[in-house]
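Sharing a structure, written as structure tokens. Questions coming.
Values quoted throughout were computed directly from the atomic coordinates according to the rules given, and no laboratory measurement underlies them. Fair warning: this is a prediction, and the values are worked out from it, not measured in the lab. Using ideal geometry, Cβ is built from the backbone for each residue, glycine included, and neighbour counts are taken over all protein chains shown.
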Amino acid sequence: MANTAQLSIDGTTYELPVIEGTEGERAIDIRKLRAETGLVTIDSGYGNTGSCESAITFLNGEKGILHHRGYAIEDLTSHSTFLEVAYLLIYGDLPDEEQSNAFIDDVTRHTLIHENLRQVFLGFPLNAHPMAILSSMVCSLSAFYQDQGNATDSAEMDITIRRLLAKIPTIAAFAYKKSIGQPFVYPDNSLSYSANVLNTLFGVPCEQYEVDPELALALDQLLILHADHEQNCSTSTVRLVGSSRANLFAAVSAAIAALWGPLHGGANQAVLEMLNEIHESGGGAEKYIRMAKDKSSSFRLMGFGHRVYKNFDPRAKIIKKTCDRVLEKLGVDDPLLEIARKLEETALHDDYFVERKLYPNVDFYSGILYRALGIPTEMFTVMFAIGRLPGWIAQWREMINAPDARIGRPRQIYTGETARPFVPLHHRPKSQ
Ligand code: CMC
């Protein structure tokens, strides 16, 4: 296959290199385009722009494939654990037994946060969104670990990575406890990562909280499903912020802010709110389907559509199965699940959605599962953030260590006023 592309501009032909990834994806390398032609490319929303070469995650949106470091998401959710997948994403291979034990031990022993950080929590209003708290508190970690956040030396980087993985569930749970006025519950190092998440969220100091192992397993699977998704909005944020050599805590804090938006991770909360609204208005999905299709309305069917998946979202398939299993075990008869099924069924047979290849995405069913696990709606995106953290770290680490690492700095095409003379204040006409 051709390894160059030709571009003809104003009668001159330029040769541009074509590069190919290990799964056969091809890209035209335009790195020298401006220097050679004076032109830049434009691509709003970066839908057609490869921002980096990456060996972490492969996805094929047409075929519904998602692989991390070569392993299929179906295998990872069936046979692995969240911490093992975190190790895989960050370091490139599954750990051997010794590496695995050491990694789990390290993450387990860094779960406490500095006691002074508790004072910071107390300053937030009771009704603060937990994503606001999470983003602020993760950034605050850079005030407590001032050198390590900038670390590119591998030993220091390793400890920073373990700290972040260990402390984020503690911070998330404290944010929740603060919002409901309950005392903070300290992590329990005898529990697994996901069991500990449930314990710090739902435990209280006055009685023993028994973590249901099946629910901890379902949560672990959910976290794996969210662990990485190549160059999405929040991951691109980590890379962009990190490219200025801002510290890892600051870069992850920015990624949490990006994830919060309803078009990205915030969609899981938005899905639940939409299903609730449909339920409260009598359960008819048709009106919402109509609104989603109406171009004069800004309403979108939350949990539907994806920039990359144009067939199905493999994560949604896995979650749907887990969701059925957990609801059955808990004996939950959730009317919202019924509405979700009806909505999915209607949309999948509606020309508008079929033509635009709009399928349920990961957020469509994750909210129902979080709800069944007892996690409140406002915490859904926080759970997504806990899950996505290994991916953010892996992508940041890859970016920092890349031989061609440069600060991220896109160009633009200016469409404003051309040069005009400055008018002193007393000579300016009155604006209308
Ligand atoms: N409901 C109704 N119409 C939609 C929807 C939707 N959910 N999603 C896309 N469309 C339409 C859109 O109006 C456009 O129509 P037309 O061609 O007539 O102008 C067409 O489909 C293409 O949409 P787009 O906005 O160009 O697609 P995009 O790739 O820029 O956006 C998306 C992708 C995920 C932001 C979008 O599908 C959406 O807003 N979905 C709802 C929010 C959501 O569920 N987000 C979670 C995404 S998955 C997890 C994650 O990333 O965190």
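Taking R0 as 35 Å, what FRET efficiency do you get between SER8 and LYS63 from their Cβ-Cβ distance, rounded to the nearest 0.05? Walk me through the intermediate numbers first.
Numbers: r = 33 Å, r/R0 = 0.95.
So the FRET efficiency works out to roughly 0.55.
Mean residue ellipticity at 222 nm from the helices of the chain, using -39,500 (n - 2.57) per DSSP H segment of n ≥ 4 over the full residue count, to the nearest 500 deg cm²/dmol? Before the final figure, lay out each step's value.
On the way: 18 runs with 222 residues, N = 432.
After summing the helix terms and dividing by residue count, I get -16000 deg cm²/dmol.
Here's something else I'd like to know. Per residue, how big is the convex hull of segment 199-285 when only Cα atoms are used? Give it in Å³.
166 Å³
A follow-up question, please. According to the Cα gyration tensor, what semi-axes, each the square root of 5 times an eigenvalue, does the equivalent ellipsoid of segment 155-239 have, listed from largest to smallest in whole Å?
Result for segment 155-239: semi-axes of 25, 16, 14 Å.
Also: Can you give the extra length, in nm with one decimal, that the chain gains between ASP333 and THR49 once fully stretched, where that is 0.36 nm per residue apart less the Cα-Cα distance?
97.8 nm is the gain from fully extending ASP333 to THR49.
Related question: Just the Kirkwood number for segment 204-345, please: inverse of mean 1/r across all distinct Cα pairs, in Å, one decimal.
17.8 Å
Can you work out the Karplus-derived ³J(HN,Hα) for every residue in segment 69-74? Use 6.51 cos²θ - 1.76 cosθ + 1.60 with θ = phi - 60°, whole Hz, and x for glycine or proline.
My calculation for segment 69-74 gives 6, x, 9, 5, 4, 5 Hz in order.
Cut-off under 18 Å on the C-alpha distance; same-chain residues fewer than 8 positions from LYS317 excluded. Which aspartates and glutamates are left, in chain and number order?
Reachable aspartates and glutamates: GLU62, GLU74, ASP75, ASP220, ASP228, GLU328, GLU338, GLU344, GLU345, ASP363.
At a Cα cut-off below 19 Å, give the lysines reachable from LYS293, other chains included and same-chain residues fewer than 8 away excluded.
By straight Cα distance, LYS293 reaches LYS310, LYS342, LYS357.
Ok, one more. For segment 383-432, state which trypsin sites (Lys or Arg not before Pro) are in a DSSP loop and have at most 12 other beta carbons lying within 10 Å of their beta carbon. Before the final figure, lay out the partial values.
Details: sites: ARG388, ARG397, ARG406, ARG411, LYS430; in loops: ARG406, ARG411, LYS430.
Filter output for segment 383-432: ARG406, ARG411, LYS430.
Based on Cα positions only, what radius of gyration and what Dmax would you give for segment 336-432, in angstroms?
Answer for segment 336-432, Rg first and Dmax second: 24.9, 66 Å.
I would also like to ask the following. Once all Cα-Cα distances of the chain are split into 20 Å bins that start at 0, what whole-number percent is in each one?
Percent of Cα pairs in each bin: 23, 53, 22, 2.
Here's another thing I want to ask about it. Per residue of segment 231-237, in order, report the coupling 6.51 cos²θ - 1.76 cosθ + 1.60 (Karplus, θ = phi - 60°) as ³J(HN,Hα) in whole Hz, putting x for Gly and Pro.
Working through the residues one at a time gives 8, 5, 4, 6, 5, 5, 5 Hz.
Now for a different question. Per residue of segment 242-247, what does 6.51 cos²θ - 1.76 cosθ + 1.60 with θ = phi - 60° give for ³J(HN,Hα)? Whole Hz please, x for Gly and Pro, Karplus curve as stated.
Taking θ as phi minus 60°, the curve returns x, 5, 7, 6, 4, 6 Hz for segment 242-247.
For all pairs of alpha-carbon atoms in segment 1-75, what percent lies in each bin of width 10 Å, listed from the first bin to the last filled one?
15, 40, 29, 13, 3, 0
Roughly speaking, what is the centre-to-centre gap between segment 114-155 and segment 185-246 when only Cα atoms are used, to the nearest Å?
16 Å
If you don't mind, another one. Along the positive direction of the dipole of segment 65-161 (beta-carbon charges: Lys, Arg +1; Asp, Glu -1; about the Cα centre), which of SER140, HIS129, GLN99 reaches farthest?
HIS129
To continue, here is another question. Largest first and in whole Å, what are the equivalent-ellipsoid semi-axes of segment 56-159 based on the Cα gyration tensor, each being the root of 5 times an eigenvalue?
Details: eigenvalues 195, 81, 38 Å².
Each semi-axis is the square root of five times an eigenvalue, giving 31, 20, 14 Å.
Okay, moving on. Within the chain, what's the longest run with no GluC sites (Glu not before Pro) in a DSSP loop and at most 15 other beta-carbon atoms within 10 Å? Give the range, please. Don't skip to the answer; put the middle values down first.
Details: sites that count: GLU23, GLU25, GLU53, GLU62, GLU210, GLU417.
With a cap of 15 other Cβ atoms within 10 Å, the longest stretch comes to 211-416.
Among the chymotrypsin sites (Phe, Trp or Tyr not before Pro) within segment 229-325, which fall in a DSSP loop and have no more than 14 other Cβ atoms within 10 Å of their own Cβ?
Details: sites: PHE249, TRP260, TYR288, PHE299, PHE304, TYR309, PHE312; in loops: PHE299, TYR309, PHE312.
Passing both the DSSP loop test and the Cβ count: PHE299.
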